[in-house]
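Presented below is the structure to which this report refers.
The values are calculated or read from the model by the stated rules, or taken from the named source; none is laboratory data. What you see is a predicted model, and the numbers here were worked out from it, not measured in a lab. We place every Cβ from the backbone using ideal geometry, glycine too, and count neighbours over all the protein chains shown.
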Amino acid sequence: MVRDNEVLLTTSKVAGMLGVHSNTVRRWTNEGLLPVYRIGPRRDRRVKKSDIDKFLQEHKQGASQETS
């Protein structure tokens, strides 16, 4: 569920924040790596800012473990 004060971002915005292509963000949402909310009749994808922060935290830890 999305709270009223929760920020929802488009796949383009998320891609820009993460430095990847928007298709990569779509693939990550399809694979369940990044939670997504579908809105409107076109079922546009939106990602919560807090989910992006969590995603980054999890993958930062994974990257540091791989290099160790």
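Among the residues making up the stretch 25-42, a single one is under 16 Å from Glu58 (Cβ atoms) and among the aromatic types (Phe, Trp, Tyr): Trp28. Contact map, the stretch 17-41: first residue in a loop (DSSP other than H, G, I, E, B), second residue hydroxyl-bearing (Ser, Thr, Tyr) and surrounded by 13 or more Cβ atoms within 10 Å (Cβ to Cβ), Cβ cut-off under 9 Å, separation 6 or more or different chains; pairs are Pro35/Thr29; Val36/Thr11; Val36/Thr29. Of the residues Val20, Val14, the single one that is in contact with a strand residue (DSSP E or B) (Cβ under 7 Å, 6 or more places away or on another chain), modelled with pLDDT of 95 or more and hydrophobic (A, V, I, L, M, F, W, C) is Val14.
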